[in-house]
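For reference, the structure discussed in these notes is given below.
The values are calculated or read from the model by the stated rules, or taken from the named source; none is laboratory data. This is a predicted model, so every value here is computed, not measured. Neighbour counts are summed over all protein chains in view; Cβ atoms, including those assigned to glycine, are modelled from backbone coordinates with ideal geometry. Surface areas here come from the heavy atoms of the whole protein model, side chains and all, with no ligands, DNA or RNA. Shrake-Rupley method; radii C 1.70, N 1.55, O 1.52, S 1.80 Å.
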Amino acid sequence: MSTSPVLKWIRSGFPRYVAVGLGLATVSSACSLALWRGGALERVEYPTWSWRVKAFSRHAAPSDRVALILVDQESLDWGKREMGLSWPWPREAYARVLDFCRRGGASAVAVDVLFTEPSFYGVDDDRALGDAMARGGNVVAAVFAGRSGDAETWPAGASTRLVTTEGLAHAPSAARAPRATFPVAPVAAAAAPGDVAGDPDADGAVRRMLPYRIFDERAVPSLGLAAVLLARSSDGLAEDWSILPHALRIGRDRLPLGRDGRLILRFKGHDGRHMSYGADAVIRSSLLLEQGLPPEVAPTAFSNACVFIGLSAPGLMDVRSTPVSRVLPGTELHATLADNLLAGDPLRDASPAAVAALTLLLASLAATGGMWARSGRQGAAVFALTVPAPVALAFAAYGAGFWWPMVCTELAATAAWVAASLINFATEGRQRLFLKHAFRQYLGAEVIDRILSDPSSLRLGGDRRVLTIFFSDIEGFSSLSERLSPEALTAFLNEYLSAMSDIIKDEGGYVDKYIGDAIVAFWNAPLAQSDHAVRACRTAVRCQRMLTERKAEFAAAAGGVVRMRIGLHTGEVVVGNMGSRARFNYTILGDAANLASRLEGANKVFGTAIMASDETWRLTRGEFTGRPLARLRVVGRQAPVDVHELRGLACDTPQEDWSDFAAGRLLFGEARFAEAAACFERRADDVASRAYARRCEAWRAAAPPNWDGVWELTGK
C-alpha cells in the first residue's frame, strides 16, 4: 500500500520546521521592529542609506532650474588680490551679484548668508544690499530659527512675505523654535525670510530637512521652500502654502512629510552638487557688461532658475556631511530641497504596517529554510536566497521613492536564519568550530573558512584574479640589523611586523608573507573586495602614519630613525595554494606581484614613501591626495608604467600645488631638460623635484639615445 503524499510530507517533519520557523521569525521580527521604532538601529542604518543614495544619485541629473553662486576660495583670493577686499566682503558685492541675477531673469534668489551684524563698511553698505533685494522683488534672506538667537518675537519692519499661520497646530514639536536671529533691518525689510537652521542626524550628517520652522506663531519656510514659492509665483502659480497633518500643502499640491515633519532629501548627481559659479566670476562678468565687454558668465545662465548664493571656501566653515559627500557646501542642501520640490520627487518613509508585514514574511522564509536545510550547502543556499532579500527590497524601495529600513528587515531575517541554523546544525557547528580553532594556528582564518566551505580547495593550484598588492620594506635594514643584537633585532621586528599586520588585517588585507623586514600583502582574495585598491592605499597611509606616531618608540628599539617604503600595484595574478602536495601556502604569483616589489624600491630614487601604479591610482575614486610622479621602466620589465606618489587621505590632507613639478615633467618628457630643470629647481624643498633636476643636469647637453620620456631604473 503506497503512502499518500500528505503523509510523506507530515513524516518528513516539514510541518515542525514551519512551526518552529514561524515562532523564531515572530520573535526576531518583534525585536527588530521594536529596536527600529525606538531609534536604536539608526546608526547602523545610516551607512546602508548612503549606499542607496550613491547608487541612485549618480544616475539622477540635477534640475537645470537650480543654480548656485558660491564664495569659494578662488573668489576670496581674487577679491583680496584684485579688489583689496578682506573678509567679510562689503555687502555691495552681494548687491552686484543680485543685480546680475535679476538681469538674467532668475525666478528666485536665495541668499544663504546671515547678515546679522551691521556692515563693517557702514549703514550705506547695508542699505545697498537691501535696495538690491527690493529691486529684485524675488529674494530670500537667511533667518536662523532655533533654541538660540537675539529675537523672541517677530522684529518690527521685518518682511512677512511667504510666512503662513495656517495649520500651526499640525506642526511637530521639532519644528518649533523659541528664538531666532534675523538679518539687519534693511535686509530683513526687503527680502522674504527663509530659515537656514540645519537638521543633521545623530551622526552629524544631513539626510532630511524641515521645510519650515514655527517662530512667534508664524511658520517660516526654509530657504529652499521659500525659493520654490517665489519661483512658482514667477511661473504664475500660487505661492501660498500651509501645514497639514504629516503633510505640506503648496498651492494645490500635497506633499507627505515624515513623522518628525522632515523631508528626506533625494540627492542628485555624482556628488550631490548642482551647477555652480564662483562669485568672483559673476562679479567680473557684471563689471565687464558695464564696460560693454563679453562676460565670463552670461546672465542668461540664471534665466528662470532658483539661484542660491552661499559660501564654500574651507575657512568659512559652511560645509555639511551628507550621504554623498563628507564635505558638501551647506547651500547645496537648500538647493537639493528646492530641486526635490520643483521636481516633486522627495523621498518618503515606508509605511510601518508594510515594514512589519514584509519583515515577518522574510524572517519566516529564512527561519523555515534554515530549519529544513539538511547540509551546510543547503543552509548557505537558504541564506543566499533570503538574507540578502532585505537589501534588494531596500534598493527597490528607493527606486520607488521610499526609505525602507534595511537594517531592521535584515536583522530580523538574519537572526531568524541564524537561530534556525543553530538549532538544526548544533552538532556539526561545534565540530566545525573545533576544526577552525585547531587549524587557525597554521592557516589564515579566511583560508580556513574557504576550506571548510569547500574541501576541494585543498588541492594545489590557483585562479587568475585582479588583486591590489602591497610590498613594504624598511629603509637601511641591513645597517640596522648590524648594530642590534639578535635578541634586540627579533624583539623590534616582532613589534614592527605586528603593528603593520594589524593595520593590514583591519583593512581586510591578507598578509601573504614576511621576508625579513619586508611585508607582502594583497586585497581581493581570498574574499572579493570591490574597493580593494582603496583599502590597500588607505593601509599604506595608515602604516606610514603609525610609524610617525610611534617614531620615538621604534627609534629607541632600533637605535635610529625607522623609515619604511611601500609599493602598490593592481594587476592580474595567479592566487591559490602553491607548494608541494604535502606542504603548501596560499600565495600569489605573477608579474603584478614583482612590479609591486619594484615600485617599493623605486621610492629610493625619488625620496618618496608610498608609490602606487596608475592601475591602482585610477581605482581610488579620489579618496587620496598625491601626484603623478614618473613614467618608469623597472628592472626586468620592458613595458613602462606610470606611477603616482600617494600623500594622504583626501578628507584630511590638503592637496599641494604641484604645478611646477607637473610642468617640469612635461618638459622632461619632451627632452627639454634645461627648461625642465628650471621648473624643478623652483621646488627645492621637494626630494623628487631635486632628483629630476639632477637627471636634467646630467642630460642637459643631449638626451639619451632613442629617448621616449621614460625614466629607466637600473637597480631594484
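Region 541-580 has equivalent-ellipsoid semi-axes of 32, 15, 8 Å, by the square roots of 5 times the alpha carbon gyration tensor eigenvalues, sorted largest first.
One quarter of the convex hull surface built on the alpha carbon atoms of region 304-387 amounts to 9.7 nm², the projected area averaged over directions.
Counting only protein chains, not ligands or nucleic acids, how are His246, His270, His170 ordered by accessible area (probe 1.4 Å), most first?
His270, His246, His170
Among Ala678, Cys408, Ile503, flag the residue with its Cα farthest along the positive direction of the charge dipole of the chain, charges on Cβ as +1 for Lys/Arg and -1 for Asp/Glu. Checking the options against the dipole of the chain, the answer is Cys408.
Take the Cα of Arg37, step 7 Å toward its Cβ, do the same at Glu296, and the gap between the two points is 5.7 nm. In region 617-716, Rg over Rh equals 0.99, where Rg is the alpha-carbon radius of gyration and Rh the Kirkwood radius from pairwise Cα distances.
Quick note on the chain: its Rg to Rh ratio, both from C-alpha atoms and Rh being the Kirkwood radius, is 1.05.
For region 495-588, dividing the convex hull volume of the Cα atoms by the residue count gives 106 Å³ per residue. Working ranking of peptides 285-295, 319-329 by packing, defined as the average number of other Cβ atoms within 10 Å per residue, highest first, is 319-329, 285-295. Once you reduce region 174-203 and region 658-716 to the center of their Cα atoms, the two points are 56 Å from each other. Counting only heavy atoms of the protein chains and using a 1.4 Å probe, Asp531 has close to 40 Å² of accessible surface.
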